[in-house]
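Some notes on the structure that comes next.
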Amino acid sequence: MPLTAVSLDSSVHCFTGLPSRPGFYRSFGVRPSISPKPSRFFLCCKKVEVSEPKHFASSFNFSNEGAAVSKFRSANAKDIDVATLGNLCVDIVLNVPNLPPEDDDERKAYMERLSSSPPDKRYWEAGGNCNMAIAAARLGLRCATIGHVGNEIYGQFLLDVLHDEGISTVGMSNVSHVASSKTFYETLLCWVLVDPLQRHGFCSRADFSKEPAFSWINELSGEIKTTIRRSKVLFCNGYGFDELTPNFIISIVKYALEVGTSIFFDPGPRGKSLSVGTPDEISALGHFLRMSDALLLTSDEAESLTGIKDPILAGKELLKKGVRTKWVIVKMGPRGSILITKTGIACAPAFKVNVVDTVGCGDSFVAAIAYGYIHNLPTLDTLTIANAVGAATAMGCGAGRSVATLEKVLELMMKANINEDNDFWNELFSENLDSQEITIMSKSDVNGDNRPVNYVVLHKMLSRLLPMLEHAQYERKLTS
């Protein structure tokens with residue numbers, strides 16, 4: 001791809017120019033899910049090769065899954081920076097002669113044939129919330145994942161990847177509670193399929209059920225409570241509703257609030273369907289929007305939830321309706337990102353990079369937002385780091401273990417090559433001049449402007465950010 005500003009959307013439509021609308025997948029020969037859940041669309045690399053895990057466990061005892069968290073010091077201390085909730089899956093990227101057929105039964109049979117024997121491990125990668133956890137760990141944050149994986153080769157693969165990244169894992173089930181069919185207990189696989197015309201399709205067993213994939217999980221165990229109690233941030237996203245019931249998810253969120261853990265929520269494409277879903281889904285979405293400390297959305301997602309096209313006004317509306325909401329982050333695709341608080345608005349143009357693959361950019365972006373939140377950084381500093389981490393991930397191929405390393409982030413930030421679309425920002429500001437103070441990152445000093453816009457020079461910001469990130473890099477090397 002040519003040099004371009006990186007998109008930080010949770011989907012990749014901004015890069016591909018492909019619209020997100022009903023019937024889109026059918027036009028590409030891929031039938032949408034039979035449930036109201038939106039399917040994910042992937043831009044992926046051909047012939048991806050990744051290293052095999054260093055050591056597999058022969059089995060995994062789910063009654064002891066929480067034991068991995070014991071490496072943290074005290075059950076009463078907030079000594080875990082970020083915990084993720086659910087959405088642990090294995091992405092399998094395959095080149096196929098034909099995309100799945102449209103007929104539901106034929107599609108299901110197609111997927112079952114794919115699943116009948118494991119494909120070569122070269123095509124496996126950690127997916128879902130593993131991306132966010134890995135990106136956060138590489139920034140030096142102490143991370144734990146809360147979720148379900150099966151006691152089979154895919155589950156062992158995920159656990160090995162997370163272990164190698166220094167991420168603790170906490171299971172969500174006990175063998176005695178498992179449904180009679182072993183399929184319901186297996187690790188969720190996301191098949192990313194690419195045909196000879198480079199058209200993409202997504203296939204998962206979650207597509208063929210109106211119920212969440214792990215709807216039988218309904219117990220908030222002691223290990224989960226301990227992990228949440230010790231975490232500064234609990235990250236949840238809309239895809240969690242594909243796995244867990246709304247009532248169970250909200251029971252976890254309520255417990256997190258009781259023990260003083262901040263909630264980060266990214267509804268993603270599922271936000272729109274949740275807003276018109278079952279009564280439980282609508283209630284759960286409303287609870288997240290009111291009670292989250294930080295909301296992360298694309299501009300399209302913010303508009304779909306508020307009915308307001310202007311991203312700053314949409315963010316202010318979400319803030320006004322929130323009970324605990326401190327930050328609303330709107331991802332503006334290749335233009336950058338905006339962070340809205342009750343006292344100010346920060347805007348950061350995107351970094352320019354040679355885009356290889358956009359999968360995992362949004363997850364990496366969230367990890368860096370959590371980094372800034374936990375370290376109490378200025379909002380513009382936080383956005384700048386997040387834009388850099390997302391952009392550095394786009395320079396690699398695939399997500400999971402291919403998300404940005406801190407070395408790549410530092411290298412990109414030192415180049416200081418940002419996409420200053422002044423016409424776009426000036427138009428946006430002109431409609432919000434009666435708002436609180438607006439701060440934007442700029443390549444150079446801007447003088448002689450009487451508007452209430454504060455321009456912060458990128459190089460000055462980097463002079464304080466780079467030493468901090470270099471120190472985090474040094475500490476990570478010491479502990480690895």
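The values are calculated or read from the model by the stated rules, or taken from the named source; none is laboratory data. Bear in mind that the values here come from a model prediction, so they are computed numbers and not experimental data. Neighbour counts run over all protein chains shown; Cβ positions are idealised from the backbone, glycine included. Accessible surface is based on the protein model in full, side chains and every heavy atom, while ligands, DNA and RNA are left aside. Shrake-Rupley method; radii C 1.70, N 1.55, O 1.52, S 1.80 Å.
Taking 0.36 nm per residue of separation and subtracting the Cα-Cα distance, full extension of the segment from ASN454 to SER251 would add 68.9 nm. Computed over the Cα atoms of region 333-479, the ratio of the radius of gyration to the Kirkwood radius (Rg/Rh) comes to 0.97.
For region 205-217, putting each phi into the Karplus relation 6.51 cos²θ - 1.76 cosθ + 1.60 with θ = phi - 60° gives couplings of 5, 5, 5, 10, 9, 7, 9, x, 4, 10, 5, 7, 7 Hz, in residue order, rounded to whole numbers and with x for Gly and Pro. For GLY150, the amide hydrogen comes within under 5 Å of the amide hydrogens of GLY155, THR187, LEU188, counting only partners 5 or more places away or on other chains and with H modelled in the peptide plane. Amide H contacts of ARG142 (H built 1.01 Å from N, in plane; Pro and chain starts excluded): ASP81, VAL82 sit under 5 Å, all sequence-distant by 5 or more or on other chains. Fraction of C-alpha pairs exceeding 26 angstrom in region 101-235: 31 percent, rounded to a whole number.
Here's how it looks for ILE418: its modeled amide H is under 5 Å from those of LYS352, which are all 5 or more places away or on a different chain. Here the Karplus curve 6.51 cos²θ - 1.76 cosθ + 1.60, taken at θ = phi - 60°, turns the phi angles of region 418-423 into couplings of 10, 9, 8, 8, 4, 4 Hz, with x standing for Gly and Pro. Suppose R0 equals 22 Å. What FRET efficiency, 1/(1 + (r/R0)^6) with r the Cβ-Cβ distance, do VAL276 and ASP104 give to the nearest 0.05? So the FRET efficiency works out to roughly 0.50. Of the solvent-accessible surface of region 333-479, computed with a 1.4 Å probe over protein heavy atoms with every protein chain present, carbon and sulfur atoms account for 48 percent.
Applying the Karplus relation 6.51 cos²θ - 1.76 cosθ + 1.60 with θ = phi - 60° to region 404-409 yields 3J(HN,Hα) values of 4, 8, 5, 4, 5, 5 Hz, where x marks Gly and Pro. Between the beta carbons of GLU437 and VAL356, assuming R0 = 25 Å, the FRET efficiency works out to 0.10 to the nearest 0.05.
Suppose R0 equals 41 Å; then what is the FRET efficiency for ASN218 and THR341 from their Cβ-Cβ distance, rounded to the nearest 0.05?
FRET efficiency, ASN218 to THR341: 0.70.
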